[in-house]
Every structure is written in C-alpha cells, then in structure tokens.
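Since the structure comes first, as structure tokens, the remarks are kept for the end.
The values are calculated or read from the model by the stated rules, or taken from the named source; none is laboratory data. From a predicted model like this one, the values you see are computed outputs, not experimental measurements. FYI the Cβ positions are ideal-geometry reconstructions off the backbone, even for glycines, and counts take in every protein chain you see.
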Amino acid sequence: MAKHIIQERCTRCGACLAACPCGAITEILGTYLIASNRCTDCAELTAPARCMVACGAQAIEVDPISLARRAAVAGNGVGFLFFGPNR
C-alpha cells in the first residue's frame, strides 16, 4: 500500500481532511499530518486517492519512500508523515 505525503505547497485549507474516508489526516498547530498506520490508500479503490482529488494546491503526492519499501514495511509499526511548512 503506497502512502501519501503533503508537500510544502499545502495551503492548509483542510479539504484533504474532510475528504479522507479513514480519518488518517490530522491538523496539529497548522501542520497537516497523514498517519501512515491509518491511511488505507483509498487510491486502490478510487484512483487517485480522495485526498489528492480534494487538494486544490495539488500538494498531496504518493510517498516515494513508501513505494520503494512497500513490500518490506507493509503493516509494520505506527508512524506519521509530516508535511507543510514546519516539516
């Protein structure tokens, strides 16, 4: 399952937060986070992922590290992917 990250071009509008069907996106002190352990990668069901479609700034991308490590880390651990100006 590929995970998603939000790049610095995020405008902090919150559209991704509302669009996420699994509650994986959280806003903390003006920075949005995607909880990698909660993201179900809805892109497998609706391509592209709902958060990516909702983002007018096109700030959400598939995390290249998770693509490379997908097989090795699938289902292991809990983590957050940080994005926004404070990452």
Legend entry - One residue from LEU33, LEU17 being touching a Phe, Trp or Tyr at 6+ places or on another chain (Cβ under 8 Å) and at pLDDT 90 or above: LEU17
Legend entry - Residues that are at pLDDT 85 or above and either farther than 15 Å from VAL62 by Cα or crowded, with 16+ Cβ neighbours inside 10 Å (or both), drawn from the stretch 1-14: CYS10, THR11, ARG12, CYS13, GLY14
